[in-house]
Structures are given as structure tokens and as C-alpha cells.
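Beneath this line is the structure, given in C-alpha cells, with notes to follow.
The values are calculated or read from the model by the stated rules, or taken from the named source; none is laboratory data. The structure displayed is predicted, hence computed values, not measured ones. Glycine gets a Cβ as well: all are built from the backbone with ideal geometry, and neighbour counts include every protein chain shown. To get the accessible areas, we keep the full protein, side chains included, count just its heavy atoms, and leave off ligands, DNA and RNA. Shrake-Rupley method; radii C 1.70, N 1.55, O 1.52, S 1.80 Å.
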Amino acid sequence: MTTAISSYTSSDTTTITTTTTSSDNTSLDQVDFLTLLTTQLEYQDPTNPVDNSEMINQMTNYSMLDEDVEQNENLETIINQLDSLAALSTSSYVGKEVMAEGGIITVEDGDVSDITVKVEEDASVVGLNIYDSDGNIVNTVYTTNLDAGETVISGSALSAQADLGTDGTYTVKAFAYDEDESALSVTLLSAGTVTSVEQNSGDTVLTLDDGREVSITDVSLIS
């Protein structure tokens, strides 16, 4: 890098050209800075010398900036290493069965999967509307007197009320009422097999075999 520094004395005008070499032509390294500082001191105007405190401030600021850059580079390296470790550890989820939010029932060879109902308050009645892959409602299954918290509705209980003889994946939507017939909030949880793992904006997202995409923080491992 070539840097030209012009300074004026009482008698003439002198242009000093110094040549410094750095690994990065777009920024000053410590050698560049010291070279420029030495040249500045050598050719400063004797009638207007550089103030000592100002010189110290310049050197201190540069030193702090250099340390900040190095710390940022180290931090970025650590973050990249952590991301790599996270990707490696979460890849083990592929092929595993997890429990995640979403109403999904699968029927295979006549066997119906379970589904979990979660209510925040005691429910007098909970209804499950079951839809086929075309979005047509197949049947509505009712269960009564559920305590607050999670309740597993077995596949046999589902098939006893609904005609689920056709193999495939069914979607479930729920509604619930308390003893005063006031609507309650209800959440469905169901199992799924992880088919892929991706990093998305700092979050690890699992894709399940039924098409659901869920955060790894919102699932529990079954197997």
C-alpha cells in the first residue's frame, strides 16, 4: 500500500511517500499505523506540534479497535463451531419418532395411532373432527370429563367411534367446552417420524413424515 503524507514547514512544501505492505490492502494493520505515526512525528510542523494527549488518544483508540476486531473474529469462529456441533447432534433425530403439536392420525394395516388432547382447564366434553387427505370430514369423535392437562386418546377408542378402515393419514381438529358450555382452548399432540433437520434463522427445524415442520424445542423424543 502506498500512502502520501504532505506537511508544511515555514520554508517550503515537502511531500513524503512511504511504502508499507500488509496482508489486507483495504485496512491498516499495526505496522502501517506505526509507520504513519512515525512519519507524522518526523515531518510535523515545529510551530504546531502534535499534542501529546491527542497522540495517546489516537494510539489507544487504534489499539481498542484492533482488539475488538480480533474478539469479533474469535467469536464468529466459536459460533461457527457451535453451529457445526448442533447440526451434527441434531442429525441423529432423523428416523426417530417424536411427539409434536398437531392433530395427525395415521392408519396402517387397520391400526390407528393415538392422539393426545391438552386442555388448560377441566373439560366437560372434547370433540375431534377427523378429516381425510382430501379435506372431507370422516367423523366426529367425542370424549367427556377430561381433567386439565394432557390426555391420550387411544387408536382403538378412535376407531370404535369413527370409520377409519382406509389406510392413510388423517387430520384432526379439536374443540372443547367446560361444564357451563363455555369454549375452552384445546391443543392436539401427535407422533411423527423425523425425515430431515434444517437450521433456520438460528432455530433447528424438524420435518416430519406427515409434512409438519416443528422447532426442535417444541418436540419430545419418543424413540
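Could you sort LEU208, LEU221 by their accessible area in this structure, using a 1.4 Å probe and putting the largest first? Don't jump to the answer; show the numbers that get you there.
Values: LEU208 5, LEU221 100 Å².
From most exposed to least exposed: LEU221, LEU208.
Treating only the Cβ atoms of Lys and Arg (+1) and Asp and Glu (-1) as charged, compute the dipole magnitude of region 167-208 about its Cα centre; round to the nearest 20 debye.
In debye, rounded to 20, region 167-208 gives about 280.
Between ASP218 and GLU120, 0.36 nm times their residue separation minus their Cα-Cα distance comes to what?
So the chain would gain 33.5 nm between ASP218 and GLU120.
Kindly state, to the nearest 0.05, the FRET efficiency for ASP163 paired with GLN199, given R0 = 41 Å and r defined as their beta-carbon distance.
Calculated value: 0.45.
Please compute the length gained on full extension between SER156 and SER185, using 0.36 nm multiplied by the number of residues separating them and subtracting their Cα-Cα distance.
Between SER156 and SER185, full extension yields an extra 7.9 nm.
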